[in-house]
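Structure, as structure tokens:
The values are calculated or read from the model by the stated rules, or taken from the named source; none is laboratory data. Predicted model only: the values in this text are computed from it and were never measured. For neighbour counting, all protein chains shown are included, and Cβ atoms are generated from backbone atoms with ideal geometry for every residue, glycine included. These accessible areas exclude ligands, DNA and RNA; they are computed on the full protein's heavy atoms, side chains included. Shrake-Rupley method; radii C 1.70, N 1.55, O 1.52, S 1.80 Å.
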Amino acid sequence: MPSGRATSSDVAAAAGVSRSAVSFAFNNPQRISVATRERILAAAESLGYAPSTLGRMLQAGTTNSIGVLLPQRLARILENPYYARFLMGAGQVCDREGYTLLLTPPLQDSVLKAIPYAAVDGFIVCGLEADRGEVAELTRRGIPFVLIDSDRLEGAPSVEVDDRGGAREVTRYLLELGHRRLAVLSLDPGTGVPERGYRGPLARRLAGITDALTDFGLTMADVRMAEVPVTRSEGYRATRELMSGDQHPTAVLALSDVLAYGAVDALQELAIKVPETVSVTGFDDLEESSWFRPRLTTVRQPIVTKGRMAADFLISAIRGEAQHPHQTLGTSLIVRESTAKPA
């Protein structure tokens with residue numbers, strides 16, 4: 001009896017057949033006789049042999065798995081509770097349809113390099129610009145994909161939220177309270193911004209802020225802005241710096257709830273009362289925001305719904321069903337305890 005894990009060669013030797021016959025027994029039984037197949041299966045059982053499920057799926061041209069192509073390293077992604085909510089929505093669809101979900105972060109700091117190593121039937125592409133090489137590579141390979149939080153691409157299904165409307169609404173709310181010294185904790189746009197300008201959700205959120213400022217006779221030049229990675233510690237660090245001057249802002253407008261949590265951490269450490277002295281707002285309405293203290297005023301986006309819709313669109317594309325059009329989901333302002341009129 002062979003040592004270690006049994007292989008198809010071991011089964012072939014035990015049954016007195018070729019390796020091709022073993023493959024036929026598991027994948028194309030109609031190509032061999034019933035007696036031969038029964039002899040092969042009996043040999044396989046006695047040896048404890050089982051064919052590779054992944055190999056069989058790849059041979060059939062399907063894996064029953066979808067990938068989530070991520071723009072950052074996995075450790076950084078998992079710091080942001082937004083992705084837990086998004087993956088919850090996508091996972092609900094996978095459970096219903098019998099698919100597994102594979103997280104695909106950059107390989108050696110390259111999202112493009114990660115694509116060939118992911119054994120999936122298609123990708124949910126998160127936060128990547130539509131004209132990047134990764135999208136072109138997926139198109140070249142004929143791999144179905146859905147764009148999330150990107151710019152629109154003709155012929156590709158995509159899902160986003162009304163980032164501009166949400167940012168406009170929360171900025172207007174702060175201005176109507178009487179705030180004029182605003183600080184924005186912006187999402188880190190990455191490299192190449194001077195050449196290409198802001199893109200995707202960040203561009204839309206900044207446009208919404210500009211819309212509201214214009215209505216009150218202000219411009220972005222009147223706003224202090226810090227561009228930071230979306231982590232609580234970076235929100236804390238940036239807010240400490242924003243508060244270092246004599247004319248500190250009376251409101252911090254964070255473009256994610258996670259950054260807002262860090263802002264409140266910094267303000268409380270500096271003995272600056274929220275919202276009595278400085279108001280703080282977020283964007284996302286994560287679950288924690290409703291019990292965070294003070295409870296966070298924020299823009300609610302339907303994160304779980306976005307994840308479900310992304311997975312639904314992708315599985316439809318994989319199955320060759322009618323392509324879904326671009327979909328924009330609405331946002332809403334949720335007013336809680338972290339905002340007040342300026343002192």
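For residue 117, the criteria (1) in contact with a Ser or Thr (Cβ under 9 Å, 6 or more places away or on another chain); (2) open to solvent by 40 Å² or more (accessible area, probe 1.4 Å); (3) in contact (Cβ under 8 Å) with a residue 24 or more places away in the chain hold in every case but one, which is (3). Residue count for the range 228-259, restricted to those that are hydroxyl-bearing (Ser, Thr, Tyr), open to solvent by less than 10 Å² (accessible area, probe 1.4 Å) and at pLDDT 95 or above: 2.
Can you confirm whether residue 188 is on the phi > 0 side of the Ramachandran plot, modelled with pLDDT under 95, among the charged types (D, E, K, R) and out of contact with any Leu (no Cβ under 7 Å at 6 or more places or on another chain)? Against the criterion (on the phi > 0 side of the Ramachandran plot, modelled with pLDDT under 95, among the charged types (D, E, K, R) and out of contact with any Leu (no Cβ under 7 Å at 6 or more places or on another chain)), residue 188 does not qualify. Of the residues screened, residue 181 is one that is touching a His at 6+ places or on another chain (Cβ under 8 Å) and either open to solvent by 50 Å² or more (accessible area, probe 1.4 Å) or farther than 24 Å from residue 341 by Cβ (or both).
For residues that are surrounded by fewer than 20 Cβ atoms within 10 Å (Cβ to Cβ) and under 16 Å from residue 96 (Cα atoms), scanning just the range 64-80, find the one that is modelled with the highest pLDDT. Checking each candidate, the answer is 65.
Does residue 174 qualify as being open to solvent by less than 10 Å² (accessible area, probe 1.4 Å), among the aliphatic types (A, V, I, L, M) and assigned to a helix (DSSP H, G or I)? Here the answer is yes, as residue 174 does meet what is asked. Could you count how many residues in the range 312-343 are basic (Lys, Arg), loosely packed, with under 14 Cβ neighbours inside 10 Å and either within 19 Å of the chain's Cα centre (by Cα) or modelled with pLDDT of 95 or more (or both)? The total comes to 1. Residues that are open to solvent by 30 Å² or more (accessible area, probe 1.4 Å), in a helix (DSSP H, G or I) and at pLDDT 90 or above within the range 11-33 comprise 13, 14, listed in sequence order. May I ask you to list the residues in the range 208-252 that are charged (D, E, K, R), part of a strand (DSSP E or B) and more than 22 Å from residue 177 (Cβ to Cβ)? Once the filter is applied, which keeps residues that are charged (D, E, K, R), part of a strand (DSSP E or B) and more than 22 Å from residue 177 (Cβ to Cβ), the range 208-252 yields only 227.
Has the range 240-255 got any residue that is closer than 20 Å to residue 163 by Cβ and among the polar types (S, T, N, Q)? The answer is no, given that none of the residues of the range 240-255 is closer than 20 Å to residue 163 by Cβ and among the polar types (S, T, N, Q). Note on the range 129-183: among residues that are closer than 25 Å to residue 333 by Cβ and among the hydroxyl-bearing types (Ser, Thr, Tyr), the one that is modelled with the lowest pLDDT is 150.
Within the range 290-311, restricting attention to residues that are open to solvent by 20 Å² or more (accessible area, probe 1.4 Å), part of a helix (DSSP H, G or I) and hydrophobic (A, V, I, L, M, F, W, C), the residue that is farthest from residue 142 (Cα to Cα) is 304.
Being assigned to a loop (DSSP other than H, G, I, E, B) and surrounded by 20 or more Cβ atoms within 10 Å (Cβ to Cβ) is the requirement here; does residue 146 meet it? No.
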